[in-house]
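Colleague: Mind looking over this structure? Questions follow.
None of the figures in this text is laboratory data; all of them are computed from the coordinates on show. Since this is a predicted model, take the numbers as computed values, not measurements. Note: ideal-geometry Cβ built from the backbone for every residue, glycine included; neighbour counts use all protein chains shown.
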Amino acid sequence: MSETAGTSPTVTPRRAALLLALLLATAAVVWFTWPRPDTLIRIGEDGVAVVVDRFGRLQPLPDTVEVGGSGTRRVIRVENRDTVNHRLAMFNIPAGERNDYTVPRGVFGGECSAHPTKRQLTFRIR
């Protein structure tokens, strides 16, 4: 039996760099292909809704929410972190729940209980 049979191969800088590149490439593919809603709306404990972009940045809920994406239907996720039920146009969200809504293209509107300044909300689904 040879002396090198029981030893593990050494990690060279080149091998470590290749492993790191593979890891980063895999993470990028997962990030861009992970299933996520086309639009995420979060209602806070204060009862005011915000739109969360794909990088986690919060934007105030506009009067008209533009929903884009791919395919014939879009997914809108609404998270209600408040202690009361809310209505966002055609969506009723119970307190403390998260719901995904699949909607067709079109323009929909209605009453909104979580808008910071108005009581009407419109969804424009492209």
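Colleague: With respect to Leu88, determine if the residue is touching a residue at least 40 places away in the same chain (Cβ under 8 Å), closer than 13 Å to Leu40 by Cα and of a type outside the set (Asp, Glu).
Modeller: Values: touching a residue at least 40 places away in the same chain (Cβ under 8 Å): yes; closer than 13 Å to Leu40 by Cα: yes; of a type outside the set (Asp, Glu): yes.
Here the answer is yes, as Leu88 does meet what is asked.
Colleague: A further question follows. Please find, within the stretch 36-51, the residue that is nearest to the chain's Cα centre (by Cα) out of those that are small (Gly, Ala, Ser) and more than 10 Å from Val78 (Cα to Cα). Talk me through it step by step, then tell me what you get.
Modeller: So in the stretch 36-51, the residues small (Gly, Ala, Ser) come out as 44, 47, 49.
Those still in the list that are more than 10 Å from Val78 (Cα to Cα) too: 44, 47.
On the way: Gly44: 16, Gly47: 20 Å.
Only one residue fits best here, namely Gly44.
Colleague: I'd like the full set of residues that are hydroxyl-bearing (Ser, Thr, Tyr) and exposed (fewer than 10 other Cβ atoms within 10 Å of the Cβ), limited to the stretch 18-45.
Modeller: Answer for the stretch 18-45, where residues must be hydroxyl-bearing (Ser, Thr, Tyr) and exposed (fewer than 10 other Cβ atoms within 10 Å of the Cβ): just Thr33.
Colleague: Also, I was wondering about something else. For Ile43, only one of the following conditions fails: (1) under 19 Å from Arg126 (Cβ atoms); (2) in contact (Cβ under 8 Å) with a residue 40 or more places away in the chain. What is its number?
Modeller: (1)
Colleague: In this structure, is Val103 free of Cβ contacts under 8 Å to residues at least 40 places away in the same chain, among the aliphatic types (A, V, I, L, M) and assigned to a strand (DSSP E or B)? Outline the logic, then answer.
Modeller: Values: free of Cβ contacts under 8 Å to residues at least 40 places away in the same chain: yes; among the aliphatic types (A, V, I, L, M): yes; assigned to a strand (DSSP E or B): yes.
Yes.
Colleague: Further question on the same structure: Could you list all residues from the stretch 63-88 that are farther than 19 Å from Arg105 by Cβ and in a loop (DSSP other than H, G, I, E, B)?
Modeller: Scanning the stretch 63-88 gives Asp63, Arg81, Asp82, Thr83, Val84, Asn85.
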